[in-house]
Amino acid sequence: MPHRVVDFFRSPNDSIHNIKASVQRRASPNNSRSASRERPTRNSSAASSVFDVTDHTPAPACTSPPVKMADPSSSRGRERDRDRDNHSHRLSFPSFHLGTSRAFKEPVQNPNASLDWKIESPPIVMHGDTENSTGALVSGQLLLKVKEDDFEVESFTAKLEVHVIQKRPFTGHCQECANQITEYKTWSFLSEPTVLSKRTHNFPFSVLLDGHLPATTDNAVVAVRYDFTAEVKPRTGPAVKLARDIEVKRALPVPELPHHSIRVFPPTNIAASVQFPQVVHPVSTNTFNLRLDGIVKHNVDAKSVEYWKLKRLSWKLEESLETVAPACEKHAPKDPPAAESSSGTPPPPAKKGAKRTDARTVAHGDMHGGWKADYTPSGSIETEIEYRLAPNAKASCAMKGADGTVISHQLVVEMVVVQEYSPVAHPKQVTPTGVARILRMHFAVAVTDRAGLGVSWDNEAPPIYQDVPPSPPAYIGPISYDAAVEAADYLSLGGAAGPSTSGAGGAMIGSGGPPSPVAAQEEEGRDPSASGEASASDAQAQR
């Protein structure tokens with residue numbers, strides 16, 4: 001028994017299958033017959049388990065032959081064969097390692113320089129629609145911080161791109177169909193090898209975005225963004241790169257007065273008068289006033305009065321998205337050859353694409369009361385409703401692009417009215433007629449960003465030469481310095497030392513200029529050399 005335990009622990013690579021096979025061989029019929037020839041005593045233990053360590057009885061006269069343990073080398077070979085058979089059923093993820101994944105590596109940064117930017121212009125807002133807007137001006141500086149002396153740069157460039165991402169492209173899993181990139185502006189700050197010193201170098205840049213460009217948006221159909229990238233290529237080491245997004249907004253002018261609309265609902269006599277703002281903001285509270293007229297009708301023959309009572313009023317703000325997903329050159333369908341024009345040149349091929357649409361409700365509300373009803377012969381129903389857009393709705397601003405992208409909104413108002421009647425003699429005996437109507441109205445509104453404190457860039461320009469107001473009056477004749485000094489002394493001394501008349505020729509004769517004291521006294525016929533006592537007596541007499 002001890003040698004069996006030693007053999008078991010000597011071959012730890014044996015599988016459970018080999019151990020079960022050895023146990024079955026020991027429990028074979030031959031072993032059982034040999035063991036039955038001599039019946040073991042009560043204290044004896046049969047050799048039926050490889051886990052027996054000690055034997056308290058003497059070994060029987062006829063024992064079973066020793067069991068030969070499996071060879072470790074042969075067992076390893078069988079395991080390799082079994083693993084080779086099951087190799088096709090194993091899943092391997094070479095790039096998936098818990099805690100040690102290197103699939104997404106960060107770009108190597110240059111330790112000798114860093115690049116940043118600073119936007120100096122106000123928030124980029126285009127004022128007005130695409131047809132009347134003058135665009136937006138973007139200006140700033142690129143800050144290249146050099147951390148060591150004699151940093152040699154091969155080139156320094158930057159570019160601004162308009163990136164349109166199609167959420168539902170013409171062909172799925174095609175990057176060219178899903179991304180349309182248009183290069184709008186490029187800058188070349190350093191085109192030749194240049195050695196820069198250890199400090200922060202400023203490189204200003206500016207660009208004027210045209211008014212017809214779309215604003216930044218991100219919805220379920222399309223996304224538009226403006227990518228600004230800059231790259232510094234040093235002589236040695238990795239490049240220094242900068243990637244930023246520029247948020248461009250559009251603000252439509254808000255009318256001073258709300259829009260007034262009147263709707264009639266035949267065959268009834270109900271007329272709805274609504275006043276609502278045509279321009280709303282994503283995060284704001286708006287109101288619209290509703291008035292229903294023609295809700296009372298007198299039936300002279302039946303001597304009864306018919307009423308239309310408002311039971312429910314609901315509103316919702318719907319957003320409609322529409323765009324055209326263009327096809328790339330690889331997936332664009334081929335057209336049959338077109339006939340040549342009169343000039344002999346074939347017409348340019350039309351751009352292929354698929355129309356994508358989407359609609360959703362960004363705000364809604366229901367009312368079952370809260371309005372003021374008057375059921376007199378000239379009665380009406382009046383109410384004022386507040387509606388707002390929730391911030392988590394993320395409503396897209398109205399947009400109309402040249403590529404076919406259109407984002408529009410409409411306010412839908414729905415009312416449920418029920419007809420009732422009562423006798424003229426007993427107006428409180430109201431009886432429903434079972435007739436009901438659903439009145440629905442649609443109003444076009446525009447959701448736009450706020451203009452803020454900024455104004456359009458063309459209104460911020462300094463005045464031109466023609467707008468400068470007239471300058472002060474000019475002096476025709478030269479002014480004598482001595483005459484001016486004598487006049488000042490004369491006024492300070494009260495005329496005791498009169499100035500000489502020789503300086504009268506230097507008086508100011510331009511338009512709007514006051515005459516000199518000498519000239520004024522000569523015009524009044526007074527002697528400029530009069531004593532100061534007379535002037536003092538005159539002043540005392542005036543007091």
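The values are calculated or read from the model by the stated rules, or taken from the named source; none is laboratory data. Because the structure is predicted, anything quoted here is derived from the model rather than measured. With ideal geometry, Cβ positions are generated from the backbone for all residues, glycine too; neighbour counts draw on all protein chains shown. Accessible surface is based on the protein model in full, side chains and every heavy atom, while ligands, DNA and RNA are left aside. Shrake-Rupley method; radii C 1.70, N 1.55, O 1.52, S 1.80 Å.
Structure notes:
- Total residues in segment 431-474, condition surrounded by 13 or more Cβ atoms within 10 Å (Cβ to Cβ) and either modelled with pLDDT under 85 or in a helix (DSSP H, G or I) (or both): 4
- Take the conditions (1) modelled with pLDDT under 95; (2) farther than 30 Å from GLY172 by Cα; ASP218 misses just one of them, which is (2).
- When ALA239 is tested against the conditions (1) hydrophobic (A, V, I, L, M, F, W, C); (2) over 18 Å from the mean Cα position of the chain (by Cα); (3) modelled with pLDDT of 95 or more, the lone failure is (3).
- Test: residue in segment 309-332 that is aromatic (Phe, Trp, Tyr), under 26 Å from ALA220 (Cα atoms) and modelled with pLDDT of 90 or more: yes
- Subset tally (residues that are in a loop (DSSP other than H, G, I, E, B), open to solvent by less than 60 Å² (accessible area, probe 1.4 Å) and modelled with pLDDT under 90) for segment 397-429: 2
- VAL264 satisfies every condition listed in (1) surrounded by 15 or more Cβ atoms within 10 Å (Cβ to Cβ); (2) β-branched (Val, Ile, Thr); (3) part of a strand (DSSP E or B) except (1).
- Some residue of segment 271-280 being out of contact with any Phe, Trp or Tyr (no Cβ under 9 Å at 6 or more places or on another chain), open to solvent by 40 Å² or more (accessible area, probe 1.4 Å) and either of a type in the set (Gly, Ala, Ser) or at pLDDT below 90 (or both): no
- Any hit, segment 216-227, residues being open to solvent by less than 70 Å² (accessible area, probe 1.4 Å), within 30 Å of GLU319 (Cα to Cα) and among the aromatic types (Phe, Trp, Tyr): yes
- Taking segment 380-392 as the range and being hydrophobic (A, V, I, L, M, F, W, C) and open to solvent by less than 20 Å² (accessible area, probe 1.4 Å) as the test, the residues that pass are ILE381, ILE385, LEU389.
- Candidate set: segment 286-307, residues that are part of a loop (DSSP other than H, G, I, E, B) and at negative phi; chosen: the one least open to solvent (accessible area, probe 1.4 Å): ILE295
- Any hit, segment 350-363, residues being at pLDDT 90 or above and outside any strand (DSSP E or B): no
- Per the conditions (1) closer than 18 Å to ALA446 by Cα; (2) surrounded by 15 or more Cβ atoms within 10 Å (Cβ to Cβ), the sole criterion not satisfied by VAL283 is (2).
- Residue count, segment 178-211 (criterion: aliphatic (A, V, I, L, M), open to solvent by less than 80 Å² (accessible area, probe 1.4 Å) and in a strand (DSSP E or B)): 5
- Residue within segment 238-254 that is more than 30 Å from SER188 (Cα to Cα) and either surrounded by fewer than 17 Cβ atoms within 10 Å (Cβ to Cβ) or of a type in the set (Val, Ile, Thr) (or both) present: yes
- Restricting segment 124-161 to residues that are more than 30 Å from ALA398 (Cα to Cα) and among the charged types (D, E, K, R), the residue that is least open to solvent (accessible area, probe 1.4 Å) is GLU152.
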